[in-house]
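*Asks:* Below is the structure I would like to discuss, written out as structure tokens.
The values are calculated or read from the model by the stated rules, or taken from the named source; none is laboratory data. Values in this document were obtained by computation on a predicted structure and should not be read as measured data. Here Cβ is always computed from backbone atoms with ideal geometry, including for glycine, and neighbour counts include all displayed protein chains.
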Number of protein chains: 4
Amino acid sequence: MIRVSILGGSGYGGGELLRILLGHPAVEVSQVTSRSLAGKPVSRAHPNLRGATPLRFTDPDDLGQCDLLFAALPHGEAARRWDDLAPLAERFIDLSADFRLDDPAIHARHYGEHPRPDLLGRFAYGLAEVNRDAIRDATHVAAGGCNATVSILALAPLYEAGVVHRDRTVVDVKVGSSEGGAQPNEGSHHPIRSGVVRPYKAVGHRHTAEVEAVLSRTGDARVHLSVTAVDVVRGAAALAHVFLTEPLAEKDVWGILRSRYGAEPFVRLVAERSGAFKLPDPKLLAGTNYCDVGFELDPLSDRLVVIAAIDNLVKGSAGQAVQAMNIMMGWDERAGLAFPGLHPV
Amino acid sequence: MIRVSILGGSGYGGGELLRILLGHPAVEVSQVTSRSLAGKPVSRAHPNLRGATPLRFTDPDDLGQCDLLFAALPHGEAARRWDDLAPLAERFIDLSADFRLDDPAIHARHYGEHPRPDLLGRFAYGLAEVNRDAIRDATHVAAGGCNATVSILALAPLYEAGVVHRDRTVVDVKVGSSEGGAQPNEGSHHPIRSGVVRPYKAVGHRHTAEVEAVLSRTGDARVHLSVTAVDVVRGAAALAHVFLTEPLAEKDVWGILRSRYGAEPFVRLVAERSGAFKLPDPKLLAGTNYCDVGFELDPLSDRLVVIAAIDNLVKGSAGQAVQAMNIMMGWDERAGLAFPGLHPV
Amino acid sequence: MIRVSILGGSGYGGGELLRILLGHPAVEVSQVTSRSLAGKPVSRAHPNLRGATPLRFTDPDDLGQCDLLFAALPHGEAARRWDDLAPLAERFIDLSADFRLDDPAIHARHYGEHPRPDLLGRFAYGLAEVNRDAIRDATHVAAGGCNATVSILALAPLYEAGVVHRDRTVVDVKVGSSEGGAQPNEGSHHPIRSGVVRPYKAVGHRHTAEVEAVLSRTGDARVHLSVTAVDVVRGAAALAHVFLTEPLAEKDVWGILRSRYGAEPFVRLVAERSGAFKLPDPKLLAGTNYCDVGFELDPLSDRLVVIAAIDNLVKGSAGQAVQAMNIMMGWDERAGLAFPGLHPV
Amino acid sequence: MIRVSILGGSGYGGGELLRILLGHPAVEVSQVTSRSLAGKPVSRAHPNLRGATPLRFTDPDDLGQCDLLFAALPHGEAARRWDDLAPLAERFIDLSADFRLDDPAIHARHYGEHPRPDLLGRFAYGLAEVNRDAIRDATHVAAGGCNATVSILALAPLYEAGVVHRDRTVVDVKVGSSEGGAQPNEGSHHPIRSGVVRPYKAVGHRHTAEVEAVLSRTGDARVHLSVTAVDVVRGAAALAHVFLTEPLAEKDVWGILRSRYGAEPFVRLVAERSGAFKLPDPKLLAGTNYCDVGFELDPLSDRLVVIAAIDNLVKGSAGQAVQAMNIMMGWDERAGLAFPGLHPV
């Protein structure tokens, strides 16, 4: 049993972290911070937790020591406050973008100048499926971005297998409104946000850098990423259009995916012959840590469409972070992450 | 550890039963039947369970003995097949309407002539909050209807306290599309069903009889129930407009609700001063066994509006049934039902 | 051809007014004001009007004279600025709550002290179906509230016919998010607002006063109104639970409704034997000025459920105002209001 | 004033055709056929038209002569019945896929063997923006497919300008549930269809052939099309990822789009600096004949993302057909198509 705290616990990522950790068999949640809600029950921000815990928010200035500190702060905050945070815990898992990229120039292009470039490179990228060994040995982890996660999980097997043009891939991601965070704004106003098919980031999405960084481990890689907002709250789904360097049969693609993901506890290969859920759909995944992956092969061209779906707040954030904790601590990787999801919902 | 089977496991109620039972610490799921899907993995009907279980559907004719049999068949089926079912298990929990009403005349009014009126009265009504003692002693339980459940939980404390006009209550229930079951039809076609505020049963809803039967234990009771379909998949929410026989202050109503529900593990009293979730909303409850109950007192009249919300497939069906099983077996009433729900979702 | 202007044209009511007036055969839109958007194209606030008009917002201080002035200001503004507004036009139609109620005490109870009680009584209530003659003779009109409109249209025939208990009626209204206006807030944030069944005003809704004022013309009347927010953008639907003083057959109710509404251009009686739209549903009415009215008679009690549905922004606001203008000007009442609505949508 | 009839008037395309034609100033609707609903009011299938017309469905065997016949039959029907249909009217506009493709081999690949290959080539493709001159001279028109329409309108200017790689384009289309037609099925069941991000046709979509046929007029063209179903009823939106053969600045792209579409009555160029609707979104377009087109240029690569949005039932079907009729008849191209759309909705 270890004692963990959550810094920045009033947002959606912090809330999911708290929900998962409250059900985790080896963890006791020590403190959850929120400056504006200090002293209030955590259910004030997370009404699903009414009756589930007597915890109240702590002022971040009163954050004490713990065994492992999760941070779910706005981008830039954790890096700026690093000297205060570092002494609080031996282990640290960050959910922001502050420590995901090792290259300060690439970080700067997407997020502005990094306040503490000296810290870059000290964190293991938190996506277990592409970084398990490093996470196992790490004390500091940076959980990946949601759209990066779903894109990487769609693409990694093909790039690693060396069967695709490494610079032609188009990744078209559809996302829910929870990606925008808990702060209301003009675009999130229900009459405006309901029923949209809104090109949210047609070009220049910041998660591109993470995807390219991971895929480039096996050779230079380029992805052309776009993100469109659709009328769901949770969920991120990627259609990754990749172009094969040589013809592959369906069974070849299956082979690549199975050998890559067969042993992964949270990747499910989904491609049935028929049915409404024959391919991955985030609708099935709300609350779960699964990434479902499937594909279709274009019979008339060299295109392969790989489809991946996640819950952006779980596998795309808090669940990924807990999975990383489990690995780091040497626990069953699935601990606390057993929720199978609801159907229909 | 007991062995349970599910008869009629391909529908939405059966699916939720299966999801909950797979996570139940004291239960092993033995068989799940479906005639049309016999031999297929249960995930064919319940894609959320992919990877969660190797179970396959059994033909109902191959159903063997078990310790406890759940039936989630269409109305009328369990009663008709009773002589075949009775020998299969000592304990039996039915999710249909077959055994909820004790009075054959009232049953006939809503569901047609009962095929086995001799069986009426042998089943304990399964809603723990109003029938816990009988359930504890029972071997046969009939889980209540979803709209009846949410209405009863809103109304029972006030009727029992004797503070309301017993024949003037109007209960206006809003429900999601999963109440209609898994079979597609003209009204459930997405272009037609999406965005509706559709008076589904403005009068004559069959669950009225259950509500009146329970409330009448403390004196003749009448409720005027209407059900409207709205654009959610899960959820049933009741606005129960009751009229007070004498003026009550807010704290009086709180007192009545607290003394009635204070010890209930699955009823939460919700009435905050502000916030988007200051009153019960089924949006928070998908997948959970909670019934949230709150109220507002009309300062200008003798009306009290009690609001209750549930997940129709859980507290309104499968979860209620599992709660009843836990009571019947003498287990922790919360076993298998700990999921707190998601936010936002 | 008359020249009309819209004061307060950047909100949802103002936008619908503009859309309708741009298609009106006898009207030229002269000015549309918005302080914050002065100088910008009207499509900045109303993107549906891109390409439909070259109009730009005017600063309200630059509002000139016109033949008829519509005001769609926040509650209280028009009354406070009345001395400036009155000279601008001979005719005036207000969409706020400022001039709907004649009794200053009742106004004060719901909206606070009226800044200009001397003006009360000078405006004709704008709902044509209950006030056509007064509107015809008026120069000043106050369009009714959306929830009041749908409730009144459900109830007026029965109260006028004298067949119901005048103090027992419960009106349970379900509404869309556009009722909350164009300003984002915590409760309108999409992750929070999506999928709700949220008791928005279980008691004390301000529109109650309008409903009771209109119904009381034929004798003291009381309604018990509640409003619940559901997951649509447009639409208000009322289930009006009324209790009959003597038994009525279906054909009697039909008779009452037909004789009351048979000649109304914007009330449609809807009660078919089957089909997904056998009873009124606001889903069909987005963009239209129709109020659909239907009913079901409870065979087991003295309850009659009258169902009415409107588009809250059209019949419940801007369309009602244009209909009033048409009457006031002696034009075809349907001018500019012909849009039949979309299906499916 | 000409007399038109609609063959196959009970589906969604037929319903929109009817709605538009009832408001068309130069057209009288003579007959609307439906075999299963013959004799019934058209509002039985199209409840939005209640009160708008006294028309009843005619049995298709009773279809008489008219000036112009619209056919909205299932794919294959019009071709098979051609010898019966041809004598009924001098002018004919078909909404199915039967006559869109001139090449029988390509038709066969997507739709099976054409029953009457001799008819191919006799119909003008109905998308005015790419075929206006041919439509003007035609008596027979085949309206384009919805996903083809939105894709072509996104891509045609760039392919015609010769600035893109003609075989690398990926078109990722998101569509509403009305694309699936009026027939309920497993996948359209609300609990299943609600909230999806479902890869509907990741590869092999039949509309690909239309897109390539049109784009190939200026040189061989290839598009990689995928269609994903999202939670809206109406709407199709394309993200067309094209790759430039030489660098272009934003103003160059604007120049290409403006010179191509500047005079088009139903194409609006939309690319504002900010705001929730700065890029095309079908949410704004329900009921309208507009195609909104915008773009973003990737600063870090040679990718240009062109975004187009339509109402699949209007610009993508019935509205396109009426626009073609207007051209064919020499009328104002906008006649009957003035509805600007609703906001918010």
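*Asks:* Tally the residues that are part of a loop (DSSP other than H, G, I, E, B), touching a helix residue (DSSP H, G or I) at 6+ places or on another chain (Cβ under 7 Å) and closer than 20 Å to C:SER216 by Cβ, restricting the search to segment C:92-104.
*Replies:* Counting residues in segment C:92-104 that are part of a loop (DSSP other than H, G, I, E, B), touching a helix residue (DSSP H, G or I) at 6+ places or on another chain (Cβ under 7 Å) and closer than 20 Å to C:SER216 by Cβ gives 4.
Here's the yes/no breakdown for (1) assigned to a helix (DSSP H, G or I); (2) over 24 Å from C:ALA236 (Cβ atoms):
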| residue | (1), (2) |
| --- | --- |
| C:PRO74 | no, no |
| C:GLU90 | no, yes |
| C:ILE106 | yes, no |
| C:GLU113 | no, yes |
| C:ARG132 | yes, no |
| C:VAL141 | no, no |
| C:THR149 | yes, no |
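Residue-by-condition table, conditions (1) surrounded by fewer than 22 Cβ atoms within 10 Å (Cβ to Cβ); (2) touching a His at 6+ places or on another chain (Cβ under 6 Å); (3) outside the structural domain of B:LEU153 (by TED's automatic domain parsing):
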| position | (1), (2), (3) |
| --- | --- |
| B:VAL242 | no, no, no |
| B:LEU248 | yes, no, no |
| B:TRP254 | yes, no, no |
| B:SER259 | yes, no, no |
| B:PRO282 | no, no, no |
| B:VAL305 | no, yes, no |
| B:ALA321 | no, no, yes |
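*Asks:* Which of the residues that make up segment D:117-130 are surrounded by fewer than 16 Cβ atoms within 10 Å (Cβ to Cβ) and not in a helix (DSSP H, G or I)?
*Replies:* Passing the criteria: D:GLY121, D:ARG122.
*Asks:* Now for a separate question. Residues of segment D:168-186 being closer than 21 Å to A:VAL306 by Cα, of a type outside the set (Val, Ile, Thr) and touching a helix residue (DSSP H, G or I) at 6+ places or on another chain (Cβ under 9 Å), which ones?
*Replies:* D:LYS174
*Asks:* Shifting gears a bit: Taking segment D:35-52, which residues are part of a loop (DSSP other than H, G, I, E, B) and either touching a Cys at 6+ places or on another chain (Cβ under 6 Å) or facing chain C (nearest Cβ under 10 Å) (or both)?
*Replies:* Step one: list which residues in segment D:35-52 are part of a loop (DSSP other than H, G, I, E, B), which gives D:35-40, D:45-46, D:50-52.
If the condition is that a residue be part of a loop (DSSP other than H, G, I, E, B) and either touching a Cys at 6+ places or on another chain (Cβ under 6 Å) or facing chain C (nearest Cβ under 10 Å) (or both), then D:ALA45, D:HIS46, D:ARG50, D:GLY51, D:ALA52 are the ones that fit.
*Asks:* Here's a follow-up. Is one or more of the residues making up segment A:329-336 over 28 Å from D:GLY204 (Cα atoms), in contact with a Lys or Arg (Cβ under 9 Å, 6 or more places away or on another chain) and not in a loop (DSSP other than H, G, I, E, B)?
*Replies:* Yes, there is a match, as at least one residue in segment A:329-336 is over 28 Å from D:GLY204 (Cα atoms), in contact with a Lys or Arg (Cβ under 9 Å, 6 or more places away or on another chain) and not in a loop (DSSP other than H, G, I, E, B).
*Asks:* Determine whether B:ARG268 is away from chain C (no Cβ under 14 Å) and within 17 Å of the chain's Cα centre (by Cα).
*Replies:* Spelling it out, B:ARG268 is indeed away from chain C (no Cβ under 14 Å) and within 17 Å of the chain's Cα centre (by Cα).
*Asks:* Go through segment D:77-95 and count every residue that is in contact with a Gly (Cβ under 8 Å, 6 or more places away or on another chain) and not charged (D, E, K, R).
*Replies:* Of all residues in segment D:77-95, those in contact with a Gly (Cβ under 8 Å, 6 or more places away or on another chain) come to D:77, D:88, D:93, D:95.
Restricting the remaining residues to those that are not charged (D, E, K, R) gives D:88, D:93, D:95.
Qualifying residue count, segment D:77-95: 3.
*Asks:* Then there is this: Could you give me the residue pairs with C-beta distances under 7 Å whose first residue belongs to segment C:81-93 and is farther than 21 Å from C:ARG136 by Cα, whose second residue is among the acidic types (Asp, Glu) wherever it lies, and which are 6+ apart or on separate chains?
*Replies:* From residues that are farther than 21 Å from C:ARG136 by Cα, there are no pairs.
*Asks:* Still on this model: Looking at (1) within 8 Å of another protein chain (Cβ to nearest Cβ); (2) touching a residue at least 60 places away in the same chain (Cβ under 8 Å), which is the one condition that is false for D:PRO280?
*Replies:* Against the list (1) within 8 Å of another protein chain (Cβ to nearest Cβ); (2) touching a residue at least 60 places away in the same chain (Cβ under 8 Å), D:PRO280 comes up short only on (2).
*Asks:* Suppose the filter is within 8 Å of another protein chain (Cβ to nearest Cβ), in contact (Cβ under 8 Å) with a residue 40 or more places away in the chain and not small (Gly, Ala, Ser); does D:VAL233 pass it? Lay out the reasoning, then the answer.
*Replies:* Working: within 8 Å of another protein chain (Cβ to nearest Cβ): yes; in contact (Cβ under 8 Å) with a residue 40 or more places away in the chain: yes; not small (Gly, Ala, Ser): yes.
Against the criterion (within 8 Å of another protein chain (Cβ to nearest Cβ), in contact (Cβ under 8 Å) with a residue 40 or more places away in the chain and not small (Gly, Ala, Ser)), D:VAL233 qualifies.
*Asks:* Would you pick out the residues in segment D:201-216 that are more than 9 Å from chain A (Cβ to nearest Cβ) and touching a residue at least 24 places away in the same chain (Cβ under 8 Å)?
*Replies:* Those that are more than 9 Å from chain A (Cβ to nearest Cβ) and touching a residue at least 24 places away in the same chain (Cβ under 8 Å): D:HIS205, D:ARG206, D:HIS207, D:ALA209, D:GLU210, D:VAL211, D:ALA213, D:VAL214, D:LEU215.
*Asks:* Same structure, new question: Across segment A:215-258, what is the total count of residues that are out of contact with any Ser or Thr (no Cβ under 9 Å at 6 or more places or on another chain), of a type in the set (Gly, Ala, Ser) and within 30 Å of C:ASP231 (Cα to Cα)?
*Replies:* 1
*Asks:* Can you name every residue in segment D:6-21 that is basic (Lys, Arg) and surrounded by fewer than 24 Cβ atoms within 10 Å (Cβ to Cβ)? Walk me through how you get there before you give the answer.
*Replies:* From segment D:6-21, those basic (Lys, Arg) are D:19; that's our starting set.
Answer for segment D:6-21, where residues must be basic (Lys, Arg) and surrounded by fewer than 24 Cβ atoms within 10 Å (Cβ to Cβ): there is none.
*Asks:* Can I ask one more? Quick check on segment C:239-246. Is at least one of its residues in contact (Cβ under 8 Å) with a residue 12 or more places away in the chain, closer than 30 Å to A:PRO184 by Cα and at the interface with chain B (Cβ under 10 Å from one of its Cβ atoms)?
*Replies:* Checking segment C:239-246: not a single residue is in contact (Cβ under 8 Å) with a residue 12 or more places away in the chain, closer than 30 Å to A:PRO184 by Cα and at the interface with chain B (Cβ under 10 Å from one of its Cβ atoms).
*Asks:* A further question on this structure: Under 6 Å between Cβ atoms, at least 6 apart or on separate chains: pull out the pairs that start in segment D:181-192 with a residue that is more than 7 Å from every other protein chain (Cβ to nearest Cβ) and end on any residue that is outside any strand (DSSP E or B).
*Replies:* Going by the 6 Å Cβ cut-off, the qualifying pairs are D:ALA182/D:GLY11; D:ALA182/D:TYR12.
*Asks:* Could you count how many residues in segment A:200-217 are surrounded by 24 or more Cβ atoms within 10 Å (Cβ to Cβ) and under 18 Å from D:VAL175 (Cα atoms)?
*Replies:* 1
*Asks:* Considering only segment B:6-38, state which residues are in contact with a strand residue (DSSP E or B) (Cβ under 8 Å, 6 or more places away or on another chain) and either of a type in the set (Asp, Glu) or in the same structural domain as B:GLY176 (by TED's automatic domain parsing) (or both).
*Replies:* Selection gives B:GLU28 alone.
*Asks:* Now a separate question. So for segment D:155-163 (the condition being within 21 Å of D:ALA97 (Cα to Cα), out of contact with any Cys (no Cβ under 6 Å at 6 or more places or on another chain) and in a strand (DSSP E or B)), does at least one residue qualify?
*Replies:* Scanning segment D:155-163 turns up no residue that is within 21 Å of D:ALA97 (Cα to Cα), out of contact with any Cys (no Cβ under 6 Å at 6 or more places or on another chain) and in a strand (DSSP E or B).
*Asks:* Here's something else I'd like to know. Sort through A:SER301, A:SER274 and tell me the only one that's over 18 Å from A:LEU155 (Cβ atoms), within 11 Å of another protein chain (Cβ to nearest Cβ), touching a strand residue (DSSP E or B) at 6+ places or on another chain (Cβ under 8 Å) and surrounded by fewer than 24 Cβ atoms within 10 Å (Cβ to Cβ). If you could, list the steps in order and put the result at the bottom.
*Replies:* Numbers: A:SER274 fails: touching a strand residue (DSSP E or B) at 6+ places or on another chain (Cβ under 8 Å).
After ruling out the rest, the residue left standing is A:SER301.
*Asks:* Turning to a different aspect of this structure: Quick one: D:ARG136 ticks every box in (1) crowded, with 22+ Cβ neighbours inside 10 Å; (2) part of a helix (DSSP H, G or I) bar one, so which box is it?
*Replies:* (1)
*Asks:* For the structure I just gave you, tell me whether C:ALA45 is buried (at least 22 other Cβ atoms within 10 Å of the Cβ), in contact with an Asp or Glu (Cβ under 7 Å, 6 or more places away or on another chain) and of a type outside the set (S, T, N, Q). Talk me through it step by step, then tell me what you get.
*Replies:* Details: buried (at least 22 other Cβ atoms within 10 Å of the Cβ): yes; in contact with an Asp or Glu (Cβ under 7 Å, 6 or more places away or on another chain): no; of a type outside the set (S, T, N, Q): yes.
In short, no.
*Asks:* Of a type in the set (A, V, I, L, M, F, W, C) and under 18 Å from the mean Cα position of the chain (by Cα): does that describe C:ALA276?
*Replies:* No.
*Asks:* If only one of D:ASP332, D:ASP298 is of a type outside the set (S, T, N, Q), within 15 Å of D:LEU21 (Cα to Cα) and without any contact (Cβ under 8 Å) to a residue 12 or more places away in the chain, which one is it?
*Replies:* Result: D:ASP332 is the single residue among D:ASP332, D:ASP298 that is of a type outside the set (S, T, N, Q), within 15 Å of D:LEU21 (Cα to Cα) and without any contact (Cβ under 8 Å) to a residue 12 or more places away in the chain.
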